[in-house]
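Below is one structure, written out as structure tokens; the observations come after it.
None of the figures in this text is laboratory data; all of them are computed from the coordinates on show. The structure presented is a predicted model; accordingly, all values stated were derived computationally and were not measured. Glycine gets a Cβ as well: all are built from the backbone with ideal geometry, and neighbour counts include every protein chain shown.
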Amino acid sequence: MIRIANGQGFWGDSLEAPVEQVRRGPIDYLTLDYLAEVTMSILEKQRSRDPKAGYARDFVDLIARLLPDLRDRNVRVIANAGGVNPMGCRDALLDAARAQKIPLTVATVTGDDITDQLDKILQRGIELRNMDTGAPLESIRNQVQRANAYLGAFPVAEALKRGANVVVSGRVADAALVLAPMIHEFGWSATDWDKLSSGIVAGHVAECGAQGSGGNCQVDWETIPNLADVGYPIIEAEPDATFVMTKHAGTGGRVTVASVKEQLLYEIGDPRAYITPDVVADFTTIQLRQDGEDRVRFKGIKGHPATKFYKVSISYTAGYKALGQMAYGWPDALKKARAADQILRARLERLGLKFDAMRTEFLGAGALNRMPVPPEVELHLPEVVLRFGVRSHDRKMVERFTREIPPLALSGPPVASGLGLGRPQVEEIVAFWPALIPKSEVHAEVALWRSDS
């Protein structure tokens with residue numbers, strides 16, 4: 001049995017969770033999931049300003065902090081923190097290890113970045129059509145910033161086989177980070193569909209950090225103990241592909257069948273066909289059983305052969321946006337916010353400003369659930385925040401809009417506050433283009449680097 005702990009559900013998650021995972025009990029592997037589509041775009045922007053950037057810098061700080069613990073406890077780390085610059089991340093890790101005089105072997109998993117190959121790929125008749133709209137990539141080719149294929153678990157497992165203490169990758173599928181050490185430790189093959197599916201399910205329930213161990217939980221959320229010290233997920237995996245999800249003893253949160261089911265349903269699409277680079281998992285075959293306090297056992301998971309494609313995450317520029325807001329207090333908070341919305345729209349029209357899209361939200365009055373506010377409730381709302389956004393390919397038009405929010409404070413309904421935000425900022429819109437690419441077009445590469453060489 002091996003213990004695989006996840007300490008990061010997204011870039012920006014708790015800085016202390018990975019440290020707690022290593023120090024509060026026995027684990028063999030620590031996985032850290034930093035990437036999402038928007039994260040890749042942010043990292044690309046950073047690298048455009050600084051060629052040495054483009055990876056999760058706080059990951060390097062974390063490893064530097066944990067190096068003595070990782071060495072003494074023999075814990076290996078797997079992270080997709082490399083983002084759009086795995087080699088830059090590698091260099092920073094090796095420098096940190098040299099500074100502490102602690103030997104470290106870092107593996108890089110690359111090959112996911114196909115940005116520079118796009119024109120040749122399109123010339124070969126691979127259209128990279130948008131999976132949602134069917135449009136060919138050629139229609140926005142000159143707007144593309146970056147394209148990354150979602151690699152699977154086997155290159156990461158190869159890095160572990162070669163002896164890496166820390167594996168740093170670019171875009172690897174989230175659940176593959178947990179599946180990889182199972183492949184390495186148990187010798188699973190690329191056609192062990194049921195076992196691979198079990199590993200993918202394990203990765204899926206752990207990949208979002210504490211969301212799988214009591215955080216963001218709808219079931220009896222008020223009774224979940226000590227979320228201030230919430231324990232993050234740990235997978236206890238066995239060679240027969242059964243596994244237990246748990247957390248360190250003494251930590252807060254909760255691991256029950258009910259809480260686990262919430263995470264199982266997160267972003268899966270068709271439950272009979274959860275498609276990953278390595279296997280197609282059937283979530284309807286999962287059998288769950290409470291196996292003690294904060295322990296849920298998984299078994300019976302079935303899978304099907306992997307597809308011949310990788311998913312590709314393509315980011316592209318899609319104009320500009322700006323969001324402004326103004327708060328209105330009791331009495332008649334919602335009425336004032338609605339009036340301010342109409343005043344603002346009238347002023348924009350009078351100025352001849354036309355946008356690709358305009359959107360209004362009334363925070364505190366049904367903005368989250370899109371439910372109408374009953375009249376008897378509306379009268380007693382203590383405050384409502386008007387949030388107004390515009391989108392356009394014309395940056396100057398968006399910039400002109402931003403100057404119409406502050407005047408509402410003195411030339412609109414009473415009892416208004418800008419909440420100290422000042423004039424809204426114009427932001428470049430980076431849009432997401434999902435596509436499929438034949439696996440034969442993508443070639444993963446694994447390389448090892450030592451701090452003492």
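Report the FRET efficiency, 1/(1 + (r/R0)^6), for Asp116 and Ala258, where r is their Cβ-Cβ distance and R0 is 51 Å, rounded to 0.05.
Numbers: r = 47 Å, r/R0 = 0.92.
Once rounded, the FRET efficiency stands at 0.60.
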Among 8-17, 29-38, the order from most to least packed when residues are scored by Cβ within 10 Å on average: 29-38, 8-17
I'd like the distance between the alpha-carbon centres of segment 326-343 and segment 153-171, rounded to an integer number of Å. 55
Distance (nanometres) between label positions extended 7 Å along Cα→Cβ at Lys302 and Glu16: 4.5
Residues in segment 125-156, backbone N under 18 Å from the label point at Ile268 (7 Å along the Cα-to-beta-carbon vector): list them, ranges by number please. none
What ratio of Cα Rg to 2.2 N^0.38 Å holds for segment 318-433? 1.09
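So, counting K/R as plus one and D/E as minus one, what does the shell of residues with Cβ under 9 Å around Gly329 add up to? Mind dumping the intermediate values first?
Working: positive: Lys336; negative: Glu383.
Net charge around Gly329: 0.
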Normalised by the residues of segment 318-433, what does the relative contact order come to in percent, with Cα pairs under 8 Å and at least six apart? 47
At Ala135 and Gln342, where each label point lies 7 Å from the Cα along Cα→Cβ, what is the point-to-point distance in nanometres? 3.5
Span per principal axis, largest first, for the Cα atoms of segment 246-328 (Å): 51, 47, 21
Paired Rg and Dmax values of segment 1-154, which use every Cα atom, in angstrom: 18.0, 54
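Return the FRET efficiency for the residue pair Arg124, Thr317: r is the Cβ-Cβ distance, R0 is 22 Å, and the value is rounded to the nearest 0.05.
Details: r = 25 Å, r/R0 = 1.14.
Result of the calculation: an efficiency of 0.30.
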Over segment 170-319, relative contact order from alpha-carbon pairs under 8 Å, at least 6 apart, %: 24
Can you classify segment 380-449 as rounded, prolate or oblate using the Cα gyration tensor, where a ≥ b ≥ c are the square roots of its eigenvalues, rounded means a/c under 1.5, and otherwise it's prolate if a/b beats b/c and oblate if not? prolate
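So which of Lys261/Lys302; Lys247/Lys299; Lys101/Lys247; Lys321/Lys354; Lys52/Lys308 end up more than 23 Å apart, counting from Cα to Cα?
Working: Lys261/Lys302 17 Å; Lys247/Lys299 19 Å; Lys101/Lys247 32 Å; Lys321/Lys354 13 Å; Lys52/Lys308 34 Å.
Listed pairs above 23 Å: Lys101/Lys247; Lys52/Lys308.
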Pulled fully out, how much extra length does the chain show between Asp452 and Ile42, if you take 0.36 nm times their separation in residues and subtract their Cα-Cα distance? 144.3 nm
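Give me the Kirkwood hydrodynamic radius of the chain, using the inverse of the mean 1/r over all pairs of distinct Cα atoms, in Å to one decimal.
On the way: mean 1/r = 0.0413 Å⁻¹.
Answer for the chain: a Kirkwood hydrodynamic radius of 24.2 Å.
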Starting from a Cα-only point model with no solvent, please compute log10 I(q)/I(0) by Debye for segment 105-181 at q = 0.11, 0.14, 0.21, 0.27 1/Å. -0.39, -0.58, -0.90, -1.19
Between the alpha-carbon centers of segment 203-246 and segment 271-319, tell me the distance in whole angstrom. 16
Expected unfolding gain across Asn216-Ser411 under the 0.36 nm per residue rule, minus the alpha-carbon gap, is 66.1 nm
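As an exercise, identify the trypsin sites (Lys or Arg not before Pro) in segment 282-354 lying in DSSP coil whose Cβ has no more than 13 other Cβ atoms within 10 Å.
On the way: sites: Arg289, Arg295, Arg297, Lys299, Lys302, Lys308, Lys311, Lys321, Lys335, Lys336, Arg338, Arg345, Arg347, Arg350, Lys354; in loops: Arg295, Lys308, Lys354.
Here the trypsin sites (Lys or Arg not before Pro) that fit, given the DSSP loop and packing criteria, are Lys308, Lys354.
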The distance between the Cα centres of segment 32-95 and segment 1-25, in whole Å, is 15
Show me, for segment 360-375, the HN-Hα J-couplings you get by feeding each phi into the Karplus relation (A = 6.51, B = -1.76, C = 1.60, θ = phi - 60°), rounded to Hz, glycine and proline as x. 10, 10, 10, 6, x, 9, x, 5, 6, 9, 6, 9, x, 8, x, x
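As a test of the formula, what do you get for the chain when each DSSP H run with n ≥ 4 contributes -39,500 (n - 2.57) and the sum is divided by the residue count, at 222 nm and rounded to the nearest 500 deg cm²/dmol? Intermediate values should be presented prior to the final figure.
Numbers: 13 runs with 133 residues, N = 453.
So the calculated ellipticity at 222 nm is -8500 deg cm²/dmol.
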